[in-house]
Amino acid sequence: MPLVAAAVCPHPPLLVPEVAGAAAPELDDLRAACDAAVARLLSAGPDTVVLVGDGPETGWVPSPATGSLQPWGVDLAVPLSPGQPDRGAVLPLSLTLGAWLLARHEVRVPVAAAQVAADTAGAGLRDLAARVSERGTRVALLAMGDGTACRGEMAPGYHDPRAQAYDESVAAALAGADADALLDLDPALSAELRVAGRATWQVFAAAARAAGGDWRGDLLHHTAPYGVAYLVATWTRG
């Protein structure tokens, strides 16, 4: 059972205090929950951390790779692995924020990354998930993804009355380590609600299922401060 722990975090640029500026304290609780989730991953003693997040295509990102927060007004390069040179493949936002979270914990094991296109489903998800556990003997998986972006009139996708129920169903699935519920998320509805994490969550769920055994879920955070749902959870072996 190579997959020893897994976690879900969101990837808003405002998670980075330098990007948020004066608004940084508004996400202190979210930042603390993400840090707690990463700490739990690392406490499982992995020999490899795998990052998964949405991107322009589906597949593994070659290393070295670097993300940038320059599009959000901060001249900060974020290498996939601490100490890596700032060059190589370009990380999408989701993986850039995942690498930033890992860097806050001085990760000392190899980090691999895969991106998932928003329309990926079925065999494409299962194929990527099956390869997560092949990256090491003891793998920890960090999946980056936001919930709906339709939680209120000021939300990026405006208000959609279906959004809260959708996010609550995801929160319940994460809390209950219910892989089936995550795998049953409807791609069409997810797209309508501007969910950035659907495909990533399904890779997460499929990887946990493929690893076998019992899992225990813990929902650490669920809010929608800017009309976008941010969920943080960990899955550990029961």
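Here is how the numbers come out for the structure above:
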| quantity | calculated |
| --- | --- |
| For segment 86-175, the Rg and Dmax computed from alpha carbons only, in angstrom | 16.2, 47 |
| Exposed-site-free run, longest, the chain (rule: GluC sites (Glu not before Pro); DSSP loop; at most 14 other C-beta within 10 Å) | 154-238 |
| Ratio of Rg to Rh over segment 168-238 (Cα coordinates, Kirkwood Rh, two decimals) | 0.97 |
| Mean separation of Cα contacts under 8 Å (6+ apart) over length of segment 80-221, as relative contact order % | 27 percent |
| Charge dipole (debye, nearest 20) of the chain; +1 at Cβ of Lys and Arg, -1 at Cβ of Asp and Glu | 660 debye |
| With DNA, RNA and ligands ignored, accessible area of Leu95 (1.4 Å probe; Å², nearest 10) | 0 Å² |
| Assigned charges on the beta-carbon of Lys, Arg, Asp, Glu; segment 35-166 dipole about Cα centre (debye) | 380 debye |
| Percent antiparallel among DSSP beta bridges (both partners in the chain, rounded to 5) | 45 percent |
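The values are calculated or read from the model by the stated rules, or taken from the named source; none is laboratory data. Here the structure is a predicted model, which means the values were calculated and not measured. Here the Cβ is made from the backbone with ideal geometry for all residues, glycine too, and neighbour counts use every protein chain on show. Protein only, heavy atoms only, side chains kept; ligands, DNA and RNA dropped before computing areas. Shrake-Rupley method; radii C 1.70, N 1.55, O 1.52, S 1.80 Å.
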